[in-house]
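Colleague: Once you've had a glance at the structure underneath, I'll fire off some questions.
Rule-based calculations on the coordinates, nothing more; no lab input. Since the model is a prediction, treat every value here as computed from it, not as a measurement. Every residue, glycine among them, receives a Cβ derived from its backbone with ideal geometry; neighbour counts consider all protein chains shown.
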Amino acid sequence: MGTDHPCVVVVGAGIAGLTAAFRLQQAGCRVRILESQPPERLGGRMATVGRDGFPVDLGAPLLARRYRRMLNLLAEAGASHLVTPAADELAVLHGGRTLRGRTGSLPRLLSGGLLSTVPLRHRLRLLHDVRNLHRSIGSSATSAITPAQHESTAAYARRRRFPDTVMSHILDPLNATMTLSDPDRTSAATPLLTLAFFAAGNGLFTAPTGTGFVPHALAQRLAVTHHARVTSVEEAKDHVTVVWTSPGDGDHEEQADAVVLAVPPDQLPALWPQLRQDQHEYFASARYAHLLQVTFCLNRPTSETAVVLYAGRHDLPQVAALILQHNLSPDRVGHGRGMVTAYLRDTTSQDWWHDDDRLIARRVTAAVRRAGLLPELDSAVIATHVDRIWPSVLIRPPQDPGLLARLEATTHQQAHRVHLAGADLFGHSTTIGSLTSGEQAAHRVLARLGAGAATA
Ligand SMILES: Cc1cc2nc3c(=O)[nH]c(=O)nc-3n(C[C@H](O)[C@H](O)[C@H](O)COP(=O)(O)OP(=O)(O)OC[C@H]3O[C@@H](n4cnc5c(N)ncnc54)[C@H](O)[C@@H]3O)c2cc1C
């Protein structure tokens, strides 16, 4: 250890941890990343795994061109050439009728009549609320703490006196996509942020190897130790002790000048017992949705051209959203092929969690058929995969935004040698939120150690 080239341990090789590590290494630190999962799961909830020759994302299929920090980081990691422009058509099924829009700007979003079932006066209210969130996309670490945070999606719809169609056609599908959960369990910021993502995202990008290309580009330049599960972190005056365990190789202990903990917040209380009582209670209360993700690999693209297909509860009760990966770009899954991913809702996922994979896939195919969608799931499937993803996305409940902001500020201000990273700590589950918070954690580490140049 020593402050010329401080030694920093980063726990977690998701996008938050990898970003923190990349920035710290750039600033001259000696960095080691400890990751509990094997190399093929690099990137955490941004990992892409190979299945029958199809690159299947285990999270985060949609990356917005407004994610400037991500594009900058990719350029610095020498991976800009992999960035592939993506199509961005969205489709929402309303009682047998499909409405369409495109991401990037409000006029594009509305051009296909995506909100046409919403009376003008309510559309303007909704867009007013969304516009207030625009700046949070692509810039904020925590993906926005907003006034809408203190009320549930259901309560927000009542306060704004929206007719039922606004809930069933817009807020519920958007809320379900972001949290896989129900409108009375989540803060109203959730669907508004999702709409803002589509309205202000400036279009989408992808890569032929799937979303995992981002973590891989960073990790190529970093030292990542896989199968290393950190079990405790203890801060002393002049160092931090990290204990980790590896299957077949026992316990390890090492000391570092600083540690970045970039793991889901509900794991923090067990890992780092020195948390204050209020932090301990807050992080322990974080709740994640269960996600059964069913991927259909197809021998041809679908006739449906949308990238994301939403249906309300009435049309497709078990499915929160369908992602048509091949429509992002012909390069995404290979020319002449198709890949459709169904995200099941939290409640359905929990009910079916222990069921047989083939049974789950058959149920999803039947539900999609009943909704009159995607006939290719009956005629063009060459392989099906079911992934059980937990933790998936945070179910952010309604919370007092003032309290949350104070907790966030004191947590970061009072951190000395142990720093936290990840959008889920105080915001919503997004790749850009985690990336930005990784940059900010690196910045705080450098400032506290008095080393290197500030990066964020
Ligand atoms: C299905 C799905 C779809 C999504 N869609 C989008 C999208 O379209 N766009 C978007 O921007 N975002 C999306 N998200 C959200 C986004 O993927 C996540 O918010 C983001 O990737 C989280 O990054 P992170 O680094 O904070 O956490 P993680 O990716 O969870 O990384 C944490 C890492 O820490 C490791 N770890 C945990 N405990 C330990 C330990 N004790 N010791 C060592 N290692 C440990 C984990 O294995 C993991 O690799 C989606 C998420 C899911 C699940």
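Colleague: Residues in segment 331-362, backbone N under 20 Å from the label point at Asn299 (7 Å along the Cα-to-beta-carbon vector): list them, ranges by number please.
Modeller: 333-341, 362
Colleague: Can you put Ile323, Ile15 in order, fewest other beta carbons within 10 Å first?
Modeller: So the residues, fewest neighbours to most, are Ile323, Ile15.
Colleague: Which percentage, to the nearest 5, of the DSSP beta bridges contained in the chain is antiparallel?
Modeller: Percent antiparallel among DSSP bridges in the chain is about 70.
Colleague: Work out from phi, with θ = phi - 60° and the Karplus expression 6.51 cos²θ - 1.76 cosθ + 1.60, the ³J(HN,Hα) of each residue of segment 44-56, listed in order in whole Hz, and give x for Gly and Pro.
Modeller: Ordered by residue, 3J(HN,Hα) equals x, 7, 10, 7, 10, 10, x, 9, 6, x, 9, x, 9 Hz.
Colleague: From the helices alone, meaning DSSP H stretches of at least four residues, give me the mean residue ellipticity at 222 nm for the chain, per-run term -39500 (n - 2.57), in deg cm²/dmol to the nearest 500.
Modeller: One gets -9000 deg cm²/dmol as the mean residue ellipticity at 222 nm.
Colleague: Nearest-5 percent of antiparallel DSSP beta bridges in segment 1-80?
Modeller: 40 percent
Colleague: If you average the sequence gap of Cα pairs under 8 Å that are 6 or more apart and divide by the length of segment 32-88, what percent do you get for the contact order?
Modeller: Answer for segment 32-88 is 16 percent.
Colleague: For Glu281, Glu76, what's the fewest-to-most ordering of other Cβ within 10 Å of each Cβ?
Modeller: Least crowded to most crowded, the residues run Glu281, Glu76.
Colleague: Something else now. Determine the dipole magnitude for segment 356-456: charges of +1 sit on the beta-carbon of Lys and Arg, -1 on that of Asp and Glu, nothing else is charged, the reference point is the Cα centre, and the result goes in debye to the nearest 20.
Modeller: For this selection, approximately 160 debye.
Colleague: In addition: If you fit an axis through the alpha-carbon atoms of helix 431-449 and take the longest principal axis of the Cα set of the chain, what angle between them do you get, 0 to 90°, nearest 10?
Modeller: With both axes taken from Cα atoms, the answer is about 10 degrees.
Colleague: Roughly speaking, what is the stretch gain from Arg313 to Arg229, that is 0.36 nm per residue apart minus the C-alpha to C-alpha distance, in nm to one decimal?
Modeller: 26.3 nm
Colleague: Separate question: Can you give me the angle between helix 357-370 and the longest principal axis of the chain, using Cα atoms only, in degrees from 0 to 90, rounded to the nearest 10?
Modeller: With rounding to tens, the tilt is 40 degrees.
Colleague: Also: Among Ile170, Ile382, Ile395, which comes first, second and so on when ranked by fewest other beta-carbon atoms within 10 Å?
Modeller: Sorted ascending by nearby Cβ count, the order is Ile382, Ile395, Ile170.
Colleague: Go through segment 253-259 residue by residue and turn each phi into a ³J(HN,Hα) via Karplus (6.51, -1.76, 1.60, θ = phi - 60°); whole Hz please, and just put x for glycine and proline.
Modeller: Values, residue by residue: 9, 8, 10, 9, 6, 7, 10 Hz.
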